[in-house]
Each structure stands twice: as C-alpha cells, then as structure tokens.
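Structure first, then comments.
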Amino acid sequence: QVQLVESGGGLVQPGGSLRLSCAASGSIFGIYAMGWYRQAPGKSRELVATISSGGSTNYPDSVKGRFTISRDNAKKAVYLQMNSLKPEDTAVYYCSLYRQLTTYWGQGTQVTVSS
C-alpha cells in the first residue's frame, strides 16, 4: 500500500507564493511518476503538474511559467512551488503517485488565494 501526505497549503494574497510538499510512504520502489492535481468547488479535478521518474515535467498552460514541480527520490517526496498566484488557483490540491497502472492519491490540502 502507498500513503501520500500533503502539506503547505494555506491562505495567500494574489501575487503571492506557496510551496506544497508531499511525502510518500509504503510499498514504493522502481519507476513511478508523481504529480499534483487540483479541484475547485463545483469543478472537476484537473492536472497541475507531473514529473516522471527521470525528471521530465508537464504543465497545462494555466500554470506554465508560474508553477514548478520537483521531486526528491531519496526522500520519496514531490514539491510544487507556486508563484504569482491568482484567485482562480484556489482549490484543494492533491498529490498523486502513478505506478504499475495504479494511481494513488493524498488527502488534499486547501490553497486559497484571496485579498
């Protein structure tokens, strides 16, 4: 089994920054991708960023240039640096780990961008 625990969410003003962290534990070995998704009230969960085991990253246009995903394989952790935050970035952010055709999810952390 795999467990993911996110941290770092909170309230920030527009234009501000936050750094999310996710620590993975459990049966994790071999090649796996990690990522961040978000879900705003009344909307579907959407991709924010992914990073492969080799470090290749992927972002949608909505966050490209503002968000940066990184990972520490030794710590089994993934991070999301979010800069120039906008009110439309407000959502619950979920960490994910994809391995052997299975996606694991964290419990989510709330990010609120408001003045």
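The values are calculated or read from the model by the stated rules, or taken from the named source; none is laboratory data. Note that the structure is a prediction, hence the values are computed from the model and not measured. Here the Cβ is made from the backbone with ideal geometry for all residues, glycine too, and neighbour counts use every protein chain on show. To get the accessible areas, we keep the full protein, side chains included, count just its heavy atoms, and leave off ligands, DNA and RNA. Shrake-Rupley method; radii C 1.70, N 1.55, O 1.52, S 1.80 Å.
Charge tally around Y32: other residues with Cβ under 13 Å, Lys/Arg +1 each, Asp/Glu -1 each, net +3. Between D72 and R45, the simple label model (points 7 Å from Cα in the Cβ direction) yields a spacing of 2.5 nm. The local environment of G108, defined by Cβ-Cβ distances under 12 Å, has a net charge of +1 under the rule Lys, Arg +1 and Asp, Glu -1. Here the accessible area is traced with a 1.4 Å probe on the protein chains. For the chain, carbon and sulfur cover 50 percent of it.
Within the same chain, lysines fewer than 8 places from K76 are excluded, and of the rest, those with a Cα less than 28 Å from its Cα are K64. Take the Cα of I28, step 7 Å toward its Cβ, do the same at S53, and the gap between the two points is 1.4 nm.
Surface analysis of the stretch 30-73 yields an accessible area of 54 Å² per residue, using protein heavy atoms and a 1.4 Å probe. Each of W105, L47, A33 was placed along the dipole of the chain (beta-carbon charges, centred on the mean Cα), and the one lying farthest toward the positive end is A33.
Charged side chains reduced to their Cβ positions (Lys and Arg at +1, Asp and Glu at -1) give the chain a dipole of some 120 debye around its Cα centre. The calculated FRET efficiency for the pair L101 and S7, based on their C-beta separation and a Förster distance of 22 Å, comes to about 0.20.
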